[in-house]
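What follows is one structure encoded as C-alpha cells, with my remarks underneath.
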Amino acid sequence: MNDQARRIRGVVDSFDDHRGLGCLRLDDGRLVDFHCIGIADGTRTIGVGTVVSFRWLPKLGRYEATDIVTL
C-alpha cells in the first residue's frame, strides 16, 4: 500500500495555534504530525476533533500530513 499516493482519513488530535503544529490521529490509533501550512484552505488553524482527509508525504527526513481537507 502506498500511503504517499492516497488520501487518508483522520481526526485532529491536537493543534497549537501559536506554533502552528498539530497531530492527526488515524483510525488505527497512529499519530501523524502536521504544520499549519499543510491545511489546504489556507486558514492556518483547525479545531481539535475535526475530521479530515490528507496526504502523508516525506518532509525533511520524516513523514508529515499535507493537503489537509476538512470532511
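The values are calculated or read from the model by the stated rules, or taken from the named source; none is laboratory data. Keep in mind that what you see is a predicted model, and the values were worked out from it rather than measured. All Cβ positions, even for glycine, are placed from backbone atoms using ideal geometry, and neighbour counts span all protein chains on display. Ligands, DNA and RNA are excluded from the accessible area calculation, which covers all protein heavy atoms including side chains. Shrake-Rupley method; radii C 1.70, N 1.55, O 1.52, S 1.80 Å.
Observations on the structure shown:
- From the options GLY20, GLY10, residue that is closer than 11 Å to ILE68 by Cβ and either within 12 Å of the chain's Cα centre (by Cα) or open to solvent by 70 Å² or more (accessible area, probe 1.4 Å) (or both): GLY10
- Tally, over segment 41-56, of residues that are in contact (Cβ under 8 Å) with a residue 12 or more places away in the chain and open to solvent by 60 Å² or more (accessible area, probe 1.4 Å): 5
- Single residue of segment 58-69 satisfying the filter (more than 10 Å from the chain's Cα centre (by Cα) and touching a residue at least 12 places away in the same chain (Cβ under 8 Å)) that is least open to solvent (accessible area, probe 1.4 Å): PRO58
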